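The block underneath contains the structure these notes are about, expressed in structure tokens.
The values are calculated or read from the model by the stated rules, or taken from the named source; none is laboratory data. From a predicted model like this one, the values you see are computed outputs, not experimental measurements. Note: ideal-geometry Cβ built from the backbone for every residue, glycine included; neighbour counts use all protein chains shown. Surface areas here come from the heavy atoms of the whole protein model, side chains and all, with no ligands, DNA or RNA. Shrake-Rupley method; radii C 1.70, N 1.55, O 1.52, S 1.80 Å.
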Amino acid sequence: MNLWKRNLIVCWFGMFVTGIGMSQLAPILPLYIKQLGVNNTASIAQYSGIAFGITYVISAIFSPIWGQAADKFGRKPMLLRASLGMAVVVGAMGFAHNVYVLIGLRLLQGTITGYSTACTTLIATQTDVEHAGYALGTLSTANIAGSLLGPTIGGFIEERLGLQSVFFITGGLLLIAFITTALFVKEHFKREDKKTLSIKEVWNDVPEKSLTLTMFVTFFILMVALYSVEPIVTVYVKQLSLNSSHIALLAGITFSASGLANIIAAPRLGRLSDKIGAHKVILAALVVAGIVFIPQAFVKNVWQLMILRFILGLTTGGLNPSVNIIVKKITPPSLTGRIFGFNMSAGYLGAFGGAVLGGQIAAYFGIRYVFFITSALLIINAVWVYFKVYKRLIIN
């Protein structure tokens, strides 16, 4: 087996589990916080928002730092650090004795993250141009699918085995990711003894600043779109299934439908990016995704919503690998880790911002407007990509 293929398999598993570890708290947070002694409903909601969101915000800050460390010391050491650190921290959450310890551990989880950044950099630098789209497309399914399936997996484990088991099982999976990374990931890394560049100096060395910034924004918008329904999906499913006694399960399936579709579509659309150009796939995916959001506001039952969420996942599956392909092509090898770190920061901020935006829009305007405004963001992004990326690369 080729080296990049073996590393791809190990990294995919590690990123999938890391994505679960970041997001599995969503459906069980209120229950766990109540178990930790918080009984006031408003306080439970407040602490849940802080505990869930703080990991993504801190991850956004530290991703470029770990990306820089990956460029300096190698990608495999960063994979081992992140997977072992998250295994310990997530497992420790099951022993939290009050809500402040839980929030502190979630903050620490965001600090030690960086597995996804190191994996993406490793695969991007090891894979030849011919297979880059397929490799990065396959890899992109792991983090997004793990993040989107995480809430369903967390809810299922909680229902079957109890709240604390969610943390212990996830921590165990992260420990397996650490062991498989240590045993099977191979990297031929040659350290360059150069001075550490500041963020400003790194940005000054980026040859295609406008194109790079457009890719960051596109990945940010993608994550906003995927996470904008998270605060409202359970309420929306309840409205569509008044007589059902399985609201939590239906909501989990609805939210995770796009993650399943991502797993199916991303490698294939990554290959398509290799053939026809990543800029074409990005533009088409943004337009179609923007259109697919609109009918979600008018569905009459939960099965229609599930189908549309699945279709959405098929379209957005082309965005992440295509963004990574373009970033790889326009970034000097010495800066790859840091630029992918910045891109991952944009994704974390998008996940956090999407959840906040969806909740605020639903509160002030109604649930349907979440879909309308998210659709508008995707279409506006498509127009920007058309002028800043598509037309430019077509001309070149």
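Tell me the mean residue ellipticity at 222 nm calculated for the chain from its helices only (DSSP H runs of n ≥ 4, each -39500 (n - 2.57), averaged over every residue, nearest 500).
Using -39500 (n - 2.57) per qualifying helix, the result is -27000 deg cm²/dmol.
For segment 1-113, the relative contact order is 34 percent, taking Cα pairs closer than 8 Å that sit 6 or more residues apart in sequence and dividing their mean separation by the residue count. Relative contact order for the chain: 26 percent, from Cα pairs under 8 Å spaced at least 6 residues apart, divided by residue count.
Per residue, the chain exposes 42 Å² of solvent-accessible protein surface, assessed with a 1.4 angstrom probe and all protein chains in place.
Net charge in the neighbourhood of Gly133 (other residues with Cβ under 13 Å of its Cβ; Lys, Arg +1, Asp, Glu -1) is +3. For the pair Tyr364 and Gln35, label points projected 7 Å from Cα toward Cβ lie 3.6 nm apart.
Rounded to the nearest 20, the size of the Cβ-charge dipole of segment 85-192 about its Cα centre is 220 debye, with Lys and Arg at +1 and Asp and Glu at -1.
Only one residue of Trp12, Ala92, Leu107 has its Cα farthest out toward the positive end of the dipole of segment 1-130, where Lys and Arg carry +1 and Asp and Glu -1 on Cβ, and that residue is Ala92. Here the accessible area is traced with a 1.4 Å probe on the protein chains. For the chain, carbon and sulfur cover 67 percent of it.
Counting charges near Cys11 (Lys, Arg +1; Asp, Glu -1) among other residues having Cβ under 14 Å from its Cβ returns a value of +4. In a simple Cβ point-charge model (Lys, Arg +1; Asp, Glu -1; nothing else charged), the chain has a dipole of about 540 debye relative to its Cα centre. For the set Lys76/Lys388; Lys329/Lys388; Lys275/Lys329; Lys5/Lys391; Lys209/Lys391; Lys72/Lys391, the pairs lying more than 24 angstrom apart at their alpha carbons are Lys76/Lys388; Lys5/Lys391; Lys72/Lys391.
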